[in-house]
Amino acid sequence: MPSHAAQPAPSLNWGKLLRTMQEVRDSAFMEEMMGRRKASGSASPMGRTDAALLYALTRWGRPGVAVETGGFLGMASSFILKAIHDEAVKDAVLWSIESMEGIEQGCLIPREIKGPFRPLHGKVEDFMKRGLPDMIDLFLHDSSHRYKHMLREFDFFFRRLRPGGLLISHDVNMNAAFTDFVTKTYRHDKIGQTDPARTTHAVWGRLGNLGFVVKS
């Protein structure tokens, strides 16, 4: 699979991020997606706040290549794709990995934004060994929330992120994997101040059940 390079992301503007979240929370698209989720009978825990933050982060990062695990019916995928569409990112691709059998992967995604969607079926571990881009701009974890599995995905995909790229995790409240990963990428000198030469993320945050890290 070819890799694409997005433009370097600007510094994170928290005020603008929160305004973008509010705009999409109040949008017709949000109501459409909540309706689609309800009609499908999906038990997806991706609620309004998580979806709005995912959308706002994606708009900020403007990814050319995005990868998500646990794509399921496409609730999270839809907000990534909507942000890519609204930012008019040319030739963008979203690779979506799902291991569950017997589901219609991505069926919640509206047709008009589905062009960049690339579903992959199988175990995440198998795709880690082959078939994924060497360099990506955004990674969303939403597959198994076992502690070791989450850390394995974080470690693997963080290495593939370009500088300024986004690692995002849903359901960070399930265990300490996300906070432990942030701690591991954040280094201090002997007196406890940040050591920029060793710290590998520029900023991180959490809101609702969604956590994110920007690679430095």
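Some observations on this one:
- Selection from the stretch 160-175 of residues that are without any contact (Cβ under 8 Å) to a residue 40 or more places away in the chain and over 15 Å from the mean Cα position of the chain (by Cα): Asn173, Met174, Asn175
- Against the test of being of a type in the set (Gly, Ala, Ser) and in contact with a Pro (Cβ under 9 Å, 6 or more places away or on another chain), the options Gly205, Gly165 yield a single qualifying residue, Gly165.
- Among the residues of the stretch 77-113, those that are among the hydroxyl-bearing types (Ser, Thr, Tyr) and in contact with a Pro (Cβ under 8 Å, 6 or more places away or on another chain) comprise Ser78, Ser96.
- Ser143 in contact (Cβ under 8 Å) with a residue 60 or more places away in the chain, touching a strand residue (DSSP E or B) at 6+ places or on another chain (Cβ under 8 Å) and surrounded by 16 or more Cβ atoms within 10 Å (Cβ to Cβ): yes
- Residues of the stretch 161-215 satisfying the condition of being under 20 Å from Arg62 (Cα atoms) and among the hydroxyl-bearing types (Ser, Thr, Tyr): Ser169
- Subset of the stretch 82-134 that is β-branched (Val, Ile, Thr), part of a loop (DSSP other than H, G, I, E, B) and in contact with a Leu (Cβ under 8 Å, 6 or more places away or on another chain) - its residue that is modelled with the highest pLDDT: Ile109
- Among the candidates Phe154, Phe127, Phe178, the residue that is over 14 Å from the mean Cα position of the chain (by Cα) and free of Cβ contacts under 8 Å to residues at least 40 places away in the same chain is uniquely Phe127.
- Of all residues in the stretch 172-191, at least one satisfies being crowded, with 18+ Cβ neighbours inside 10 Å and not in a helix (DSSP H, G or I).
- If you filter the stretch 63-81 down to residues that are assigned to a loop (DSSP other than H, G, I, E, B) and free of Cβ contacts under 8 Å to residues at least 60 places away in the same chain, you find that the one that is surrounded by the most Cβ atoms within 10 Å (Cβ to Cβ) is Gly74.
- Scan the stretch 200-214 for residues that are more than 25 Å from Ser44 (Cα to Cα) and not small (Gly, Ala, Ser) and the total you get is 4.
The values are calculated or read from the model by the stated rules, or taken from the named source; none is laboratory data. Every value quoted in this text rests on a predicted model; they were computed, and no experiment measured them. All Cβ positions, glycine included, derive from the backbone under ideal geometry; neighbour counts span all protein chains shown.
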